Every structure is written in structure tokens, then in C-alpha cells.
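Each remark here refers to the structure printed beneath this line.
The values are calculated or read from the model by the stated rules, or taken from the named source; none is laboratory data. Remember, predicted model here, so these are calculated numbers, not experimental data. Ideal geometry is used to build each Cβ from the backbone, glycine not excepted, and the neighbour counts take in all protein chains shown. Please note that ligands, DNA and RNA were not included when accessible areas were found on the heavy atoms of the full protein model with its side chains. Shrake-Rupley method; radii C 1.70, N 1.55, O 1.52, S 1.80 Å.
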Amino acid sequence: MNSDRTMISTDIDFDRKGLQFGKLRLPHSVHRSAYGHIPIPIAVAANGEGPTVLLTGGVHGDEYEGPIALSRLAREIDVERVCGRIIIVPTLNQPAFVAGTRVSPIDGINLNRTFPGRRDGTATEMIAHYVTTELLPRADFLIDLHAGGSSLQYLPALLAPRWSDPGKAARVETLVTAFDAGNVIYFDSVRALSGEDRVIGNYADRNGVDFLTGEFGGGSSVNIDGLAMAERGVRGVLSHLGVLPAEKAPAPRKGPIRRLAMDDPGLYAFADRRGFFEPKFALGQTVAAGAVAGLIHDIDDPWATPVAVHFRSAGIAMCVRTFSLVEAGDCLGHLASEI
Ligand SMILES: [Zn+2]
């Protein structure tokens, strides 16, 4: 037996034609449930010949546009019209989703900082390992839907990997066009923020899976514009790939695609002390280089002059912190520059 074999079992047969709604059983033997497991919902729609598209939401448990968009897609799929296979996991980190928290309440781990995971690790590590060893090897494409979570609010945007390889870049560009979001941020999906490579995009690439993600809202709420963008985008890509019929593609959006980058560290503002944060920018606003991102007020001394934090570079405001209370190192927001 393969020693790397997952300990997560499922009632889904990935090779069966038709529409299946099932569960991934995450082993969870605890005081109140000796032989228990945590069921993670999964749906698979397979029919005819075509690529496999993996769709994930709820990697962070306090993000809701992805779970809504993906569960609705699964409920509405006409499997007879599918050419290929769609694997849908709307709430991948189900324990975190039930708790409404970014990280898992079981082990305190951020699923999207724990790839490739471990078969005999904690609950979150086992989920990551399942994605790495069972889901990504079956997939040709991955769309992983995110939002800012409780602490951040985003201007809804598709995120696409930036490749120097012209072939890869061209493939991504056809997916971006099919997703048809008004804002697209190109980023390093292999290393993500601050050089983090424990992210799903890195392991998608290692499996030869073309990858899109996005930030469709935040603040542990549902952004209706972001939800609409995610729903249109996923259906547009599925139609573009021929997995859903072409006539099911959403009508083209009016207006150009705004293409952005967010690699420059000067686009980010971080708190350098504890206090409470007063933002000085609004999402979507154009911000000049050196502009004040906001003021950090002293918690204990209302008469103390608040301290200004600046954006060093210019750009469009894409993300703002939702919680006013800050500690040193907290992200207060970020911009993206047009390319
Ligand atoms: Zn997220």
C-alpha cells in the first residue's frame, strides 16, 4: 500500500458518469465522537469527453462568495450537457467554515499556508494533502474562490498567475478573457504574498493544472458585486473550455478589463504599532505615491497625535482592513498598479 495514501475517504466515484453529491470524510476521533469524522461536501458532474475542472471555495472559513457560487452551480448543473468533469468542493475547510473563521478551530492552521499537507498531520494538513494527492492530479484546471475574510475587504477582482513562459501566459490569458472580470490582478501564484510557497497555486502548477483565483469581497459578509463576478466568471470559463455548453456562457460584460499588478511592496500599508486604524482611502480610489493610507490612534491616550501610515507607491485601492484595532504587522490595505 502506498504510504502516502490519504486517510480521507469518500463515497464519490471520480470515474463514474453522472452527477454525484457526496462527502469527503475527514477522520476526527475526539472525546464526544470516538469513531467520528467531519464530512466535507463534494459534488462531481461527469459526462462525455473533456477536461476536468476543480472548483474550490471555503479554503478560508470566513469567505462566502465562493461557497454560494459553487453550491448554486452544482445544484443547477444539467449533467447531460457536461463534456468533461467538474469537481466542486464549496467549503474545502469545512471545520473553519462551520466556525466562521479563517483558520481551522481544530488546529489553528491556515489551509492556504499548509500545502502540500501531510497524510498523518492535523485536520487542516490532511485536507491539504488530499487536495495535493487526490484532487489536483485529477484536474486540468483549478478555480479557487476567495475573499478578504474577516479582517480585509476587497474591491472584487480576479487573480491570475503571471508567467514568463509565453505558452503558459497565453493559456492564462484565454481563461482571464473567458472569466471576464472588470478587475484582474496578475500575481506570483507560486510564491504568493511575501514569498509564501505553501499555497494551493504552487501545487496546482506542480501538477500542471492551470489556475485562477480571486478576491470577491470580504469582511465575513457577502459582496453582491463580487458574488456576481464569481458566478459569471466560473460559468464563462466552463463554457470557454467546452465543459458547459457555449450557449450557457454569460452575456459579455460591457467595458474593458482593467489589468493590475500588486507585487511592489510599496503598494501595501502595515501597522507599525498597536492602536486603532482610521483609513484615509476608499476602495476603488486612485491613490498617489506617498499618500497617507490612514492614521493609527493611541488606544490609551486620545490626546496623543495619531501616527500616519503611508503608501510608498501609487495605485488603485483594492483592499482595506475591516477591524479597526491593529497590532504591529497587521495589513491595513493595499493598492494595485495598472499595467
Ligand atoms: Zn481566502
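The table that follows gives values for the structure above.
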quantity	calculated
Lone unmet requirement of (1) open to solvent by less than 10 Å² (accessible area, probe 1.4 Å); (2) more than 16 Å from the ligand (Cβ to nearest atom) for Asp15	(1)
Lone qualifier among Ala261, Ala336 - being touching a Phe, Trp or Tyr at 6+ places or on another chain (Cβ under 6 Å) and either open to solvent by 20 Å² or more (accessible area, probe 1.4 Å) or not acidic (Asp, Glu) (or both)	Ala261
Residue match in the range 27-34 (condition: in contact with a strand residue (DSSP E or B) (Cβ under 7 Å, 6 or more places away or on another chain), buried (at least 17 other Cβ atoms within 10 Å of the Cβ) and in the same structural domain as Gly201 (by TED's automatic domain parsing))	no
Residue match in the range 47-55 (condition: open to solvent by 70 Å² or more (accessible area, probe 1.4 Å) and either in contact with a strand residue (DSSP E or B) (Cβ under 8 Å, 6 or more places away or on another chain) or farther than 24 Å from Asn112 by Cα (or both))	yes
Selection from the range 63-108 of residues that are in a helix (DSSP H, G or I) and among the basic types (Lys, Arg)	Arg72, Arg75, Arg81
In the range 178-195, residue farthest from the ligand (Cβ to nearest atom) [restricted to those that are of a type in the set (A, V, I, L, M) and outside any strand (DSSP E or B)]	Ala178
Unmet criterion (only one of (1) open to solvent by 50 Å² or more (accessible area, probe 1.4 Å); (2) closer than 30 Å to Ile87 by Cα) for Gln285	(2)
Index of the failed condition, Gly255 passing every other in (1) crowded, with 19+ Cβ neighbours inside 10 Å; (2) more than 16 Å from the ligand (Cβ to nearest atom); (3) in a loop (DSSP other than H, G, I, E, B)	(1)
Gly108 vs. criteria in the same structural domain as Thr132 (by TED's automatic domain parsing), under 16 Å from Ser150 (Cβ atoms) and more than 15 Å from the ligand (Cβ to nearest atom)	yes
Residue in the range 265-282 that is under 22 Å from the mean Cα position of the chain (by Cα), modelled with pLDDT of 95 or more and open to solvent by less than 30 Å² (accessible area, probe 1.4 Å) present	yes
